[in-house]
Amino acid sequence: MPPYKPQNLPYISEIPSADFPLFCIMRAFDIEYTLIARKIRQVIQMGNITIRMNDDLKARVNQTLDAIGMNFNTYVTMASIQLVNQQRLPFDTSARAAEPNEQTKRAMLEAEAKERGILPDDAATFNSAQDAIAWLHNNHG
């Protein structure tokens with residue numbers, strides 16, 4: 001096995017004697033850094049995730065992330081960390097309001113027209129629940 005040689009540092013025989021103390025510090029730091037990095041890789045097991053996404057959306061997401069100096073992997077990792085820390089999605093979500101059917105749309109337009117005085121308001125009014133029930137029996141009974 002060849003002797004350990006950090007990527008950016010020369011062999012000891014290549015070092016001028018005046019620079020030798022600095023070399024020793026740099027080499028010690030490089031060895032320690034390498035050992036720490038190796039230990040971190042052993043402790044933190046990284047897994048791969050495959051995401052299916054529409055090509056157009058993917059391009060727009062990457063363009064937006066590039067504009068803020070972030071890559072997709074970092075974004076997904078940040079969102080995942082927030083999900084775990086907050087125990088909720090890290091953004092607001094809501095269901096899309098149901099689209100009213102044609103009968104409901106017509107009733108809404110009619111109600112608005114009556115409210116604005118465009119159509120006469122011919123709705124029945126009642127003074128009591130009994131009057132309303134009697135009207136229902138007489139007109140729809």
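The values are calculated or read from the model by the stated rules, or taken from the named source; none is laboratory data. Note that this is a predicted model, so its numbers are computed, not measured. Cβ atoms come from the backbone with ideal geometry, glycine included; neighbour counts cover every protein chain shown. All accessible areas refer to the heavy atoms of the entire protein, side chains included, with ligands and DNA or RNA removed. Shrake-Rupley method; radii C 1.70, N 1.55, O 1.52, S 1.80 Å.
Quick notes
- The distance separating the Cα centre of segment 115-141 from that of segment 59-77 comes to 59 Å.
- Sorting VAL84, VAL76 by solvent-accessible area of protein heavy atoms yields VAL84, VAL76, largest first, with a 1.4 Å probe.
- For the set MET46, MET78, MET70, solvent exposure ranked by accessible area (probe 1.4 Å, protein chains only) runs largest to smallest as MET46, MET78, MET70.
- For segment 47-102, a simple Cβ point-charge model (Lys and Arg +1, Asp and Glu -1, everything else neutral) yields a dipole of about 260 debye relative to the Cα centre.
- Using the Cβ-Cβ distance between ALA67 and ALA97 with R0 set to 25 Å, the FRET efficiency from 1/(1 + (r/R0)^6) comes to roughly 0.20.
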